[in-house]
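Presented below is the structure to which this report refers.
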Amino acid sequence: MSSRWLLTALILGGLILGVVIGQLLHDPAYDAADPSAVHAHGTALAIFDFLGFTVFMGLLKMLIVPLIASSVIVGVTSVGDFSRLGRMGACTLAYYFATMLVAVVIGLVIVSMLQPGAPLVDTLGSAALPEYQPDESVRATADAGLIGVAKNLVSQMIPTNIVAAMAKGQPLGVITFSIFFGVVMTLVGARAQPVTDFVNGVFEVLMKMVHAIMWLAPVGVFALLAWTVMRIGLGVFSGAIGLYMIAVLLGLALHGLIVLPLVLRVFGRTAPLRFLHQMRQALMTALATDSSSATLPVTLECATESAGVNRRTAGFVLPLGATINMDGTALYEAVAVVFMAQAFGVELSMIQLIIVAVTATLAAVGAAGIPSAGLVTMVIVVDAVNGSLSAAGGATIPIAGIGLIIGVDRILDMFRTVVNVWGDAVGAKIIDRVAGDGEAHDERPTADSAPIG
Ligand code: ASP
């Protein structure tokens, strides 16, 4: 068995074991705030938290900033020709927005057909509003609105202090700086050659570091899954909001397993199943970490080492995708908002559904690639729809409705993050063929297709 296969088997084992152990240890009566709560539960959660978040996710996150900087610079300098770079940028953005919009439409169709909120409408009188106090980040996002989020995005793209942006782990600032730096490196030419060699070397070393960290992935994904399932329990699927969860998962499955593979087949001329297989470690990492950003090192590694995506394309498309391309999040936000409207008996007109579609796409772009970011930026969608509802003199969706879905958010976040990362990977493969150098990368031997040994 090759080491790559062995690692995949171990990670898959970790995922399954994490779900099983988490469910066995799940205790619906456990309350972390209650001092008399069963002590063993707190200890088990603390161990899973340490192994999963502190060690595994910590190591991956440690690589993100240097990896984004070096991969974008390697990408930009090796494209070299500016008109090709421009074409690549335009194709990348067109792909991101088109696929996010398609994802939102799928979500809207499914939630309108399944009507998961309808059964709740009688139980949710105003007296039965869920207890939910929006926290700081939710309130700040709601206050800022869509314009505020756009301003925030632009100010992150042009940081006044690149070191501060790196220290805060703000990827957009690092990406802008690196694109600019790479373009000017190309213009400087021979005198910048030592920098080019240096950055290429840094990228090479970081890829090897990802490789090494992935040997901790079986334990890391086990701990993350056990932590999640232990806290939430799988019983939620049969609860009052089980149908809502099924609507989100069905939408994600349709988009991830039918739409994106079709797009990959047509525009990328690539066999979807084979590509899915080549990206498997990144997808499993996304499932466990709930974070496109923390998964980025693994996505880059799988795309370039296994799937034969050219470094120049992957280095440019994937870091940008991990930050702004979120098909799963866009779909989820649309389903969640319509579900809340249904649960509170608020009728949405066609215009309001279009507002949901557009704002959910923009809110997904504004969401960072970190756990629960989609839940926070969803208030923008609720706000925009409420603006239209109150202008029409109708009832609005209570923001407190988020309390209905917050308890199961982590589980849905796992799956939407997988679709986010899958969308980025499919994008890299397509852009590589459409706007890259046109090489037939499928024919080159890759880690998966090369003879073993
Ligand atoms: N966790 C998601 C990601 O990192 C973002 C979200 O939808 O919350 O891609």
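What follows draws every value from the coordinates through simple rules; no lab data is involved. Bear in mind that the values here come from a model prediction, so they are computed numbers and not experimental data. Cβ: placed from backbone, ideal geometry, glycine included. Neighbour counts: every protein chain shown.
Please list 3J(HN,Hα) in residue order for the stretch 355-364, calculated via the Karplus relation 6.51 cos²θ - 1.76 cosθ + 1.60 where θ = phi - 60°; whole Hz, with x for glycine and proline.
Computed from phi, the couplings for the stretch 355-364 are 4, 4, 4, 5, 5, 5, 5, 5, 5, 5 Hz.
So how far apart, in nm, are the two label points at residue 27 and residue 55 if each is 7 Å from Cα heading toward Cβ?
2.4 nm
Need the list of lysines near residue 208 for cross-linking: C-alpha distance under 21 angstrom, and skip anything on the same chain fewer than eight residues off.
Here the lysines satisfying the reach criterion relative to residue 208 are 61.
Quick one: 141, 396, fewest Cβ neighbours within 10 Å first, how do they rank?
Details: 141 23, 396 16.
Fewest-to-most Cβ neighbours within 10 Å comes out as 396, 141.
Karplus couplings for the stretch 9-14 from phi (6.51 cos²θ - 1.76 cosθ + 1.60, θ = phi - 60°), rounded to Hz, Gly and Pro as x?
3J(HN,Hα) across the stretch 9-14, in whole Hz: 4, 5, 5, 4, x, x.
Angle check, please: helix 217-232 long axis (alpha carbons) against the longest principal axis of the chain (alpha carbons), in degrees 0 to 90, nearest 10.
With both axes taken from Cα atoms, the answer is about 10 degrees.
On a 0 to 90° scale, report how tilted helix 193-213 is relative to the longest principal axis of the chain, with both axes built from alpha carbons and the result rounded to the nearest 10.
50 degrees
Starting from the Cα-Cα distance between residue 43 and residue 236, subtract it from 0.36 nm times their residue separation and give me the gain in nm to one decimal. Kindly include the intermediate steps, with their values, before the conclusion.
Values: separation 193, 0.36 × 193 = 69.48 nm, distance 2.34 nm.
So the extension gain works out to 67.1 nm.
Step through the residues of the stretch 78-87 one at a time and calculate ³J(HN,Hα) from phi using the Karplus curve (6.51 cos²θ - 1.76 cosθ + 1.60, θ = phi - 60°), rounding each to whole Hz and writing x for Gly and Pro.
Result, ordered by residue: 7, 5, x, 7, 5, 5, 5, 5, x, 5 Hz.
Give the order of 208, 168 when sorted by the count of other beta carbons within 10 angstrom, beginning with the fewest. Please report the intermediate quantities before stating the final value.
Numbers: 208 10, 168 13.
So the residues, fewest neighbours to most, are 208, 168.
Grab the Cα-Cα distance for residue 164 and residue 94, subtract it from 0.36 nm times how many residues apart they are, and report the gain in nm with one decimal.
Numbers: separation 70, 0.36 × 70 = 25.20 nm, distance 3.04 nm.
Extra length available between residue 164 and residue 94 comes to 22.2 nm.
Report the convex hull volume per residue for the chain, counting only C-alpha atoms, in Å³. Don't jump to the answer; show the numbers that get you there.
Numbers: hull volume 67.5 nm³, N = 453.
That works out to 149 Å³ per residue.
Using only Cα atoms and rounding to the nearest 10 degrees, what angle (0 to 90) does helix 39-49 make with the longest principal axis of the chain?
Relative to the chain, helix 39-49 is tipped by roughly 30 degrees.
For the chain, what is the calculated [θ] at 222 nm in deg cm²/dmol (nearest 500), taking -39500 (n - 2.57) for each run of four or more DSSP H residues and dividing by its residue count? Each step should come with its number before you reach the end.
Details: 20 runs with 318 residues, N = 453.
After summing the helix terms and dividing by residue count, I get -23000 deg cm²/dmol.
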